[in-house]
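*Asks:* One structure is given below, represented as structure tokens, and several questions about it will come after.
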Amino acid sequence: MTDKKTIFQEHFLTPVEKTGKYTLLAAIVCMFLPGLFLFVFHGLLPPFGPLWRSVAAVWSFMIVMGILEPIVYYPILGFGGTYMSFLVGNIMNLRVPVSATVQQVLGTREGTPEAEIVSTLGIAGSLVASQLVMILGILLLLPLINRIQGSGMAAEVGLNQVLPALFGALGAVFLSKVPKLGIVPLGLAFIIAFLKRDLPYSVVIPPMVIISIVSARIMYKKKWIEGKGMI
């Protein structure tokens, strides 16, 4: 009789890896198509100097994030969820909360086959839902966007707080189970906010996640917290 681990590998991980590689490669090719179209059919080519400076400025930041983000988010997103999330984006403000929430609701544990499948299904559902909401939002809110942007209205202020609200809500759920886990990350977060509050989320979140994992590991080794109840 085939065991669960073999079935999971053959019927989930292997097809997901194959599909994920092909779709990501196709997305990379598609990203260059507009520029190639302008060059081949219209002869448009940016000057090398400005082009190189722009590429170097973006790559100097994105190379670091491209290495850190998959490592940081993989334990929550899972195998299939990581492929889908990095293909469509909105990782921090949508895919991570969705994956964490569905695993919390169904009581699965990160790193298990059950969590992988649950996370993949949850993120796949969020892709469909987000696209539908985006289309409806564009059609319904497009006339109001110019009025909201830069107006200082309550709607603009509220929209700027969506990401902190999502992470705050998720943090409250998990920390309510083991409050000690929040001592180090929340303490450092308050210090960073006090010293340099204008840092972008993409700079602050990856190192804070790593610090949170390390501090939780140390607490567990020191037996200051127990493993049960953490998920």
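*Asks:* What do you get for Rg/Rh of region 16-108 when both radii come from the Cα atoms and Rh is the Kirkwood radius?
*Replies:* That ratio is 1.10, to two decimals.
*Asks:* While we're here: Run the count for the chain, please: Lys pairs, Cα-Cα under 20 angstrom, 8 or more apart or on different chains.
*Replies:* 9
*Asks:* Between Phe48 and Ile138, take the C-beta separation as r, use R0 = 25 Å, and let me know the FRET efficiency to the nearest 0.05.
*Replies:* E between Phe48 and Ile138, to the nearest 0.05, is 0.10.
*Asks:* Test of understanding: what is the full-extension gain from Ile148 to Ile213, defined as 0.36 nm times their sequence separation minus their Cα-Cα distance?
*Replies:* Once the chain is fully extended between Ile148 and Ile213, it gains 19.5 nm.
*Asks:* Continuing with the same structure: For region 1-45, state what percent of all Cα-Cα pairs lands in each successive 10 Å bin, counting from 0 Å until the bin that includes the largest distance.
*Replies:* With 10 Å bins starting at 0, P(r) equals 24, 26, 19, 15, 11, 5, 0.
*Asks:* Here's another thing I want to ask about it. Output needed: percent of Cα pairs per 10 Å distance bin for region 58-176, bins running from 0 to the one holding the longest distance.
*Replies:* 12, 35, 33, 18, 2
*Asks:* Dipole magnitude of the chain about its Cα centre, charges +1 at Lys/Arg Cβ and -1 at Asp/Glu Cβ only, in debye to the nearest 20?
*Replies:* For the chain, the charge dipole is close to 620 debye.
*Asks:* For the pair Ile63 and Asn93, how long in nm is the line joining their label points, each one 7 Å along Cα→Cβ?
*Replies:* The modelled label-to-label distance comes out at 2.8 nm.
*Asks:* Could you list His42, His11 so that the one with the fewest beta carbons within 10 Å of its beta carbon is first and the one with the most is last?
*Replies:* Fewest to most other Cβ atoms nearby, the residues stand as His42, His11.
*Asks:* In bins 10 Å wide, starting from 0, what share of all Cα pairs of the chain does each bin hold, as a percent?
*Replies:* P(r) over the chain, rounded to whole percents: 6, 22, 30, 27, 11, 3, 0.
*Asks:* I need the semi-axes of the equivalent ellipsoid of region 121-212: take the C-alpha gyration tensor, multiply each eigenvalue by 5, square-root it, list largest first in whole angstrom.
*Replies:* Three semi-axes, in Å: 30, 20, 11.
*Asks:* If you rank Arg53, Arg197 by fewest surrounding Cβ atoms within 10 Å, what's the result?
*Replies:* Arranged by neighbour count, lowest to highest, Arg53, Arg197 become Arg197, Arg53.
*Asks:* Give me the percent relative contact order of the chain, please, defined on Cα pairs under 8 angstrom at least 6 residues apart.
*Replies:* 18
*Asks:* OK, next. Mean Kyte-Doolittle of at least -0.5 plus a Cα span of 27 Å or more along the axis: flag which DSSP H helices in the chain meet both, please.
*Replies:* Both cut-offs are met by 14-42, 48-88, 113-148, 201-221.
Where a number appears in this text, it was derived from the coordinates with a stated rule and is not lab data. Keep in mind the model is a prediction, meaning the values are calculated, not measured. Cβ coordinates were reconstructed from backbone atoms using ideal geometry, including for glycine residues, and neighbour counts include every protein chain displayed.
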